[in-house]
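Notes for the one structure printed next.
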Amino acid sequence: MSEISILDLQNLRHLIGGYSTTHCKMTEYASQAQDAQVKQLFQQAADSAMKNKQELMKFL
């Protein structure tokens, strides 16, 4: 793999941080949800955010 630029690293940091924040928020929302379908929706969003974060971490 070729070297990545400082700008690329900054963009990755920004994206990874955003997915991390999203994961935390969606997990918290899921834990507070009363409706099973809403809880599932938030948990799926949390899982998706974590998956995206892990995929981006592979570039580091």
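What does the extension gain come out to for residue 44 and residue 3, with contour length at 0.36 nm per residue minus their alpha carbon separation?
On the way: separation 41, 0.36 × 41 = 14.76 nm, distance 3.36 nm.
Extra length available between residue 44 and residue 3 comes to 11.4 nm.
Does anyone have the angle between helix 6-32 and the longest principal axis of the chain? Alpha-carbon axes, 0 to 90°, nearest 10?
Computed tilt is about 10 degrees.
Report, to the nearest 10°, how far helix 36-57 tilts away from the longest principal axis of the Cα atoms in the chain, using its own Cα long axis and a range of 0 to 90°.
Its long axis makes an angle of about 10 degrees.
If you consider only alpha-carbon coordinates, what radius of gyration and Dmax does the chain have, in Å?
Rg and Dmax of the chain, Cα atoms, are 14.3, 48 Å.
Got the relative contact order for the chain handy, in percent, Cα pairs under 8 Å and 6 or more residues apart? If you can, show how the numbers build up before the last one.
Values: 40 pairs, mean separation 22.9, N = 60.
Worked out over the chain, it gives 38 percent.
Rounded to the nearest 500, what is the 222 nm mean residue ellipticity of the chain from helices alone, with -39500 (n - 2.57) per DSSP H run of 4+ residues and division by all residues? Intermediate values should be presented prior to the final figure.
Details: 2 runs with 49 residues, N = 60.
Here the helix-only value at 222 nm equals -29000 deg cm²/dmol.
Read-outs: derived from the displayed coordinates by stated rules, not from any lab. The model shown is predicted, which means the values in this text are computed figures rather than measured ones.
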